[in-house]
Amino acid sequence: MPHQHYIAAVALLAASQATACPDYLDVEMRKLHSQQTVNLCEAAADGPLLIVNTASHCGFTSQFAGLEALNQQYKERGLTVIGFASDDFKQAAKDEETAAQICYVNYGVTFTMLAPSHVRGDEANGVFSELARQAQAPGWNFNKYVVDRQGRVTAHFGSRTRPDDDDLKTAIEEVL
């Protein structure tokens with residue numbers, strides 16, 4: 001009997017190591033218009049991610065509503081949606097308070113929104129540097145990256161792909 005417990009413990013340890021969070025997601029980042037930080041690995045809880053670079057004054061800003069709908073639709077199945085505010089394309093609000101108002105009040109966002117950071121080029125944060133390495137850097141706001149439990153980008157969608165797009169939903173379903 002003790003041998004069976006040992007085997008079970010080894011199997012559990014191997015399983016936890018197999019789903020260990022990748023280094024590029026094991027970071028603390030500040031939440032939008034807050035002093036609170038969030039560790040992306042802890043936020044994802046070993047589940048798949050939908051990562052999106054966002055802006056509050058962009059022609060695609062209305063996609064916040066669709067992203068929130070995806071969040072509500074899939075969060076119980078383990079998907080974590082994370083928005084990265086950025087002014088890399090000069091479409092962000094003048095301050096975080098205004099950006100937060102647009103996200104949380106105007107569009108009812110409940111998924112994690114992070115404070116502004118760079119998402120492309122040499123100054124890109126570590127998450128977007130890795131997303132660019134695995135897929136491509138965002139060419140504009142509201143690029144969507146579907147990331148599996150191991151931290152691999154399984155699909156990338158540009159700005160024009162709306163959150164209710166069937167191909168995006170299929171890509172999300174495949175990593176759940």
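Assorted remarks:
- Neighbours by Cβ (under 6 Å, 6+ apart or cross-chain): first from segment 111-134, in contact (Cβ under 8 Å) with a residue 24 or more places away in the chain and closer than 17 Å to GLY158 by Cα; second small (Gly, Ala, Ser) and surrounded by fewer than 18 Cβ atoms within 10 Å (Cβ to Cβ): ARG120/ALA137
- Qualifying position, being of a type in the set (Phe, Trp, Tyr) and under 17 Å from LEU25 (Cβ atoms), among PHE142, PHE84, PHE157: PHE84
- Qualifying residue in segment 135-156 (condition: over 15 Å from the mean Cα position of the chain (by Cα), among the charged types (D, E, K, R) and either surrounded by fewer than 20 Cβ atoms within 10 Å (Cβ to Cβ) or at pLDDT below 95 (or both)): no
- Residue within segment 67-80 that is in a loop (DSSP other than H, G, I, E, B) and farther than 21 Å from GLU28 by Cα present: no
- PHE128 being assigned to a loop (DSSP other than H, G, I, E, B) and of a type in the set (A, V, I, L, M, F, W, C): no
Let's see how each residue does on (1) of a type outside the set (A, V, I, L, M, F, W, C); (2) within 15 Å of the chain's Cα centre (by Cα):
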position: GLN73; (1), (2): yes, no
position: GLU76; (1), (2): yes, no
position: THR80; (1), (2): yes, yes
position: PHE89; (1), (2): no, no
position: GLU97; (1), (2): yes, no
position: MET113; (1), (2): no, yes
position: GLY121; (1), (2): yes, no
position: GLY126; (1), (2): yes, yes
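- When segment 87-114 is filtered for residues that are β-branched (Val, Ile, Thr), outside any loop (DSSP other than H, G, I, E, B) and surrounded by 14 or more Cβ atoms within 10 Å (Cβ to Cβ), the ones remaining, listed by number, are THR98, ILE102, THR112.
- Test set (1) crowded, with 17+ Cβ neighbours inside 10 Å; (2) touching a Cys at 6+ places or on another chain (Cβ under 7 Å); (3) at pLDDT 95 or above - CYS21 fails condition number: (3)
- PHE84 vs. criteria within 20 Å of ALA135 (Cα to Cα) and either part of a loop (DSSP other than H, G, I, E, B) or at pLDDT below 95 (or both): no
- Among the numbered conditions (1) closer than 17 Å to GLY83 by Cβ; (2) in contact with a helix residue (DSSP H, G or I) (Cβ under 8 Å, 6 or more places away or on another chain), the only one that ARG152 does not meet is (1).
The values are calculated or read from the model by the stated rules, or taken from the named source; none is laboratory data. This is a predicted model, so every value here is computed, not measured. With ideal geometry, Cβ positions are generated from the backbone for all residues, glycine too; neighbour counts draw on all protein chains shown.
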